[in-house]
Structures are given as structure tokens and as C-alpha cells.
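Trainee: Below you will find the structure I want to go over with you.
No value in this document is a laboratory result; all are computed from the given coordinates. All values derive from a computational prediction rather than experimental measurement. As a convention, Cβ positions derive from the backbone with ideal geometry for all residues, glycine included, and neighbour counts pool all protein chains shown.
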């Protein structure tokens, strides 16, 4: 590929409309010349752009998805993020991403705890075998969220 074309593609990845960039990011990521730039741009997508590109991005969007969900400032935002880009990616979530989201629920600036989206996220984590119920319960208890654990009758 000639240098002019490479520069134009890099410029598009960096500055192009997020929805369009999300559609080509997987191909860009799989090309060594553009891989780092694609990840950088993915990590700056808005919730609308991420939601638009979720099926193009797959596992590449887990980090951004988890970061945005973990920073939800109210239940409406948490529920919207969960249905738009957390649930569609749940099969790609790692234990680390799950723990990150659970830990964030303790942050006083985050409003996941009590939202439908967070409760449903926890159920889907177990039902899709991302982690076992016992592991989830342990993480929840460690993070002062025992009211979500399976041993607590209010979580059902």
C-alpha cells in the first residue's frame, strides 16, 4: 500500500465519523499498520457510536463497553448501556471485565447498584458461563454487594 493511501486511512480512523469508523475498525485492527490506531479510536467512541458498531466490533468493544457501563451515572444510563452494548457482548466478557464492573458499583459517582441493567448483567454473566455462580457470589461479597449474591433471597 502506498504511503498516501496509508495516511488517508489513518486520518479517517482518527477523524472520521464514529459510526463509520466503528464499521471498519475490525478490519483496521487486523491490519498491523492500523491496529493501535483502531484500538485508540474504539476507546473514544460515544455510546451511540459504540451501539451502532457493536456487531462489527465484537470482542474488540468489550473494554470500551465495560468502561462505559462501569461509569453509568444513573439507572437510565446503566439500563441503556446494558441493553445497547453490554448484553450483546456478554459472551466476550472476561472475568477481569466483570470484576471491573462489579468493583465500580461501589464508586459514589456511579449508579449501577439497584439498576435493572446491573442485576440483569449479573444474571447473564452466570447464565452464559462467563464465571460460575460461586465465583460471582465471592466477588459480590468482596465488593459489599452481597445483596446480589445467590445466598440472599432479595436477589431473586
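Trainee: Compute the FRET efficiency between residue 67 and residue 14 as 1/(1 + (r/R0)^6), taking r as their Cβ-Cβ distance and R0 = 22 Å, and round to the nearest 0.05.
Mentor: The computed FRET efficiency comes out at 0.65.
Trainee: Using the alpha-carbon atoms, what tilt in degrees (0 to 90, nearest 10) does helix 133-142 show relative to the longest principal axis of the chain?
Mentor: 80 degrees
Trainee: On a 0 to 90 degree scale, rounded to 10, what angle separates helix 18-29 from the longest Cα axis of the chain?
Mentor: Rounded to the nearest ten degrees, it is 80.
Trainee: Using the 2.2 N^0.38 Å rule of thumb for compact globular proteins, work out how the stretch 1-44 stacks up: its C-alpha Rg over that value, please.
Mentor: After normalising by residue count via 2.2 N^0.38 Å, the value is 1.02.
Trainee: A follow-up question, please. Enter the per residue convex hull volume of the stretch 11-127, computed from alpha-carbon coordinates, in Å³ rounded to the nearest integer. Don't skip to the answer; put the middle values down first.
Mentor: On the way: hull volume 11.0 nm³, N = 117.
In the stretch 11-127, the Cα convex hull volume per residue is 94 Å³.
Trainee: Taking the Cβ-Cβ separation of residue 138 and residue 79 as r and a Förster radius of 25 Å, what is the calculated FRET efficiency to the nearest 0.05?
Mentor: Working: r = 26 Å, r/R0 = 1.04.
Efficiency, rounded to the nearest 0.05: 0.45.
Trainee: If you fit an axis through the alpha-carbon atoms of helix 95-104 and take the longest principal axis of the Cα set of the chain, what angle between them do you get, 0 to 90°, nearest 10?
Mentor: 70 degrees
Trainee: What whole-number distance in Å separates the alpha-carbon centres of the stretch 28-59 and the stretch 82-137?
Mentor: 21 Å
Trainee: Sticking with this one: What distance in nm lies between label points placed 7 Å from Cα along the C-beta direction at residue 59 and residue 103?
Mentor: In this crude spin-label approximation the distance works out to 2.2 nm.
Trainee: First check a/c for the stretch 60-155, with a ≥ b ≥ c the square roots of the eigenvalues of its C-alpha gyration tensor; if it is under 1.5, answer rounded, and if not, answer prolate when a/b is larger than b/c or oblate otherwise.
Mentor: Because a/c hits 1.5 or more and a/b fails to exceed b/c, the stretch 60-155 counts as oblate.
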